[in-house]
1. Could you check how much of the accessible area of the stretch B:5-99 is carbon and sulfur, as a whole percent, using a 1.4 Å probe?
2. Taking only the alpha-carbon positions of the stretch B:362-481 and ignoring solvent, what does the Debye formula give for the base-10 log of I(q)/I(0) at q = 0.10 Å⁻¹?
3. Under a point spin-label approximation (7 Å from Cα along Cα-to-Cβ), what is the C:Glu225-C:Glu320 distance to one decimal in nm?
4. What base-10 log of the normalised intensity I(q)/I(0) is obtained for the stretch C:257-338 from the Debye formula, alpha carbons as equal point scatterers, at q = 0.11, 0.15, 0.17, 0.23 Å⁻¹?
5. Evaluate the distance, in nm, between pseudo-label points positioned 7 Å from the Cα of C:Val304 and of B:Thr41 along their respective Cα→Cβ axes.
6. Name the lysines eligible as straight-distance cross-link partners of B:Lys9: C-alpha to C-alpha under 20 Å, and not fewer than 8 places from it in the same chain.
7. Compute the orientation-averaged projected area for the stretch B:65-131 from the convex hull of its Cα atoms and round it to one decimal in nm².
8. What nm value, rounded to one decimal, do you get for the distance between B:Ala482 and B:Thr119 when each label is placed 7 Å out toward the C-beta?
Amino acid sequence: MAPTAVRPVRIIVAKVGLDGHDRGVKVVARALRDAGYEVIYTGLRQTPEMVVDAALQEDAQVIGLSIHSGAHMTLFPAVVEELRRRKATDITVFGGGIIPEDDIVALKKQGVAQIFTPGTPLAEIVGWLRERFPESD
Amino acid sequence: MKVRARDAKQAWKEDFEASSGRDDGIETSTISGIPLRPLYTSDDLPRRDEELPGQFPYTRGIHTSGYRGRLWTMRQFSGFATAEETNRRYKYLLANGQTGLSVAFDMPTLMGQDSDAPTSRGEIGHCGVAIDSLADMETLFDGIPLGEITTSMTINSPAAILLCMYIAVAEKQGVPASGLGGTLQNDILKEFIAQKEFIFPPGPSMRLVVDSIEYCAKEVPKWNTISISGYHIREAGSTAVQELAFTLADGMAYVDACLERGMQIDEFASRLSFFFDAHIDFFEEIAKFRAARRIWARWMRERYGAQQERSWKLRFHTQTAGVSLTAQQPELNIARTALEALAAVLGGTQSLHTNAMDEVLALPTDKSSRLALRTQQLIAYETGVANTVDPLGGSYFVEALTDEMERQAEVYFKRIEELGGVIPAIEASFFQKEIADAAFRYQQELEQKRRLMVGVNEFTVEDEPPMEILRIDPRLEAEQVARVREVRRKRDAARCSRALGGLKKAAAGTENLMPYILEAVRAYATEGEIMQSLIEVFGIYTEQAVV
Amino acid sequence: MAWSSCWDTTSPYASWASENLTDPDLAAGFRAGDIRALARAISLVERRDPAVRALEQQVRDHGATSGVVGFTGAPGSGKSTLVDGIVHLLRQKDMSVAVLATDPNSPFTGGAILGDRIRMQRHALDPKVYIRSMGARGHLGGLSLATREAIRLLGAFGFDQVVLETVGVGQSELEVAAVADTTVVVLTPNQGDGVQMIKAGILEIADVFVVNKADIEGHMRVVTELRAMLSLSSPRSAAGEPGGWKPPIITTVASRQEGLDRVWEAVLAHRRHLETSGLGRLLVEQRLRDETAEVAAEIARERVRRALDEDHTLAGRLLEEGTPYNTAEEILDRRAGR
């Protein structure tokens, strides 16, 4: 007998680092919920270790991070590195925040799948996720 | 003659209804959702005695002569990386006509952590200056006569510590505390509500705020002890009405706390100041500022029984809305900021910060920072709006909107009261939920193009060239870490340890902590060490987050 | 289109390649104490994937079962803070704890924001605390089936205690009560309309009542009203019998960790009662039967859906004649083929 229930894609949504500006991350969390995802919001002041551990416990496929403090070049790679350490590189990392174009290029080279800058329509974020995690027949 | 006027209005109404409207689907309500009529007439003017500037309840301004008497203070918020660099930027701005200093601190400093703490890694100097101890503060104000300028410091949980550092630097310059002027943001309630830079739980946090207000009332009487802020609440996504209501409610909570401490209202009320956002919906912002003055004046006089006029007068600083800036076609931000600044001026602000156009991406460059300052100078000296006090007073529309904002704010005050006050409402996540809902609603309006953000969801441009932005030199982090370690090595360890011990003991009791913090600061205890001592007594607060 | 397009219906293992776990490694990882293997297994349970049964067989003989306590309460009752405090207490007694927290999924989009984990930040990175958020997914009875299996897995994995947490909307309290050994109902003074307005069924399912936020005015009134209502109704175990369990009412201030030790004592006392009265065994048996019936219902449901999808003649006839009862019986009477 095949699985009888389908399973929404699970996304950990969090803010790493000291920055507390959570308007964007909360709006995105709602939009993802409305698009059908199971969103686990772990809140503010997360460390890379906490975020990855939560992703493993929750069997999430995706981690979404929001960073507005300028510390993205330290924190995103730290999360990617922690995923490597926990042997969970199949988990997709994406994010948003105040991140200049050059840095986005560098972060992608380090394993971040996508960065969305301020002004990105929610529909675009959802669309990108759907493309990566398509429904299959 | 009256009959003819009515006919004319009726005729206008009929003509309007027969005419075709725009069909672009854009909302005609304010950003806060207040519906706007297409026309306001004398019928909409509230029936009351004519209000005048400098007279209770100060709807038209707290000063009789408005900007004719004195222009607003042009106070540009800045600070980045190291105290040395920031010191250079301050001297540059002062030379270019800025009239007061405003300090931005980096995240570790805002969160009460030293630069060499593990969680400070990657965060040093990005959004403001790193201050670990009195030594950094001395560098920050080196060559700047504290007795001759005023300084605003944007910091909350560790605010008392930074104020003590400022006082200690002034001491070394030979300036007594009684001669110091400036503002401390020190508004912990809005941290719980919006900015989330809280450390201690609400009780001890409020105690520290009241300690600082009480101390300054005696020792630093020219100091604005608190900048009760709506800016962050607005930036977190609230409507203008929520910004107005939540900010004033916070103000009341602080007043209540000070009265509970045993202070007399007139002892401290005149040193409370406010900080509002100037967002892009032009007239709503102007109405908001006017309503704020009127509401506060009434409460101070009628509810709290303040006797002195200066206790009734709401003074505020304004910052143009960071959240209205776009990364796309960023030069447009110059125009946005100009319009927002104009609203703040027409609303009668006492001081103003205008954002630089590149602030969506990073801290501003020298050039864009100067442009932002020039924008204010343009308004002050070229547009003529400063020549008359409250130029929009008597406008059918503005007066009606002012009244409406006041009315809606009162509805919120009732609800907060029903919840038991600001702190119970915070713990029930009331404000946080209102804000999250408003933020989401606005985003949906943008997605559906019922509201536009030019360059973002309409009038976009493909392939914009990358902007030149300011980068923080990563070596500065290592240097700052070395600096704080050096301070710890060189200080009088015994004096420092005694001071911290004394602070902890006092924190466990009920004394005013300011003198103890001042002693710790003088002994070159680091900010992180002082905060840690307090955490050991007060504990750490975790919020009950709502999405 | 909207809600289904993000639901992953393929075998989980297809995309989990390379160094990451694949099927044969799942049991090995599970036995080795790899949290990810446990998490994967629970996901299989949530998807109702039969592969998990094979896994269960392989790990089952680690016969330990965990004690299961369920917490339910209205939003705003401080239930999450209470659970966080209980976890803290259990950790101080050096016990390992797994928390299953359920939030309702949107019935329209299937999505959810699972926000219970965030209330337990102080246990982040504690290897002896496992927190799993489960969306209720709108499946009637789906919650309890998945939860029951998850509990078995957690026991096999070695957790001393399992805590179920659910927000009190819909049928969720009843589902928790059907699964937990002890059900704790959390109330607060701000219940609004008072205890009278508490949903029907709550009083019957509670083994322990907690009146939280006892530092707020009005909490004694809640306690008094509750006591009055309880004296009118019969205890859960056996109507009116001496030695029947009377649910205690415990006041707490969860945010200050006050009263939580009394809550735990009450839970232990209830467990002892279940054992000495023999009720525990009865419940185990009853629940296994219930679960079997529900599993059968799930299988039957699936069979019927598939039959109607595949047999167009049958589906056509159903539509024309409108005979769901006959059609259902007909399908079930057929041999259970593929």
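1. 49 percent
2. At q = 0.10 Å⁻¹ the computed log10 ratios are -0.76.
3. 5.9 nm
4. Log-scaled intensity ratios, in q order: -0.55, -0.68, -0.76, -1.05.
5. Output for this residue pair reads 6.7 nm.
6. Within reach: none.
7. Averaged projected hull area, Cα only: 5.3 nm².
8. Inter-label distance under the simple model: 2.8 nm.
The values are calculated or read from the model by the stated rules, or taken from the named source; none is laboratory data. This structure is a prediction, so every number in the text was calculated from the model and none was measured. So basically every Cβ, Gly included, is an ideal-geometry build from the backbone, and we count neighbours across all protein chains shown. The accessibility values were calculated without ligands, DNA or RNA, using every heavy atom of the protein model including side chains. Shrake-Rupley method; radii C 1.70, N 1.55, O 1.52, S 1.80 Å.
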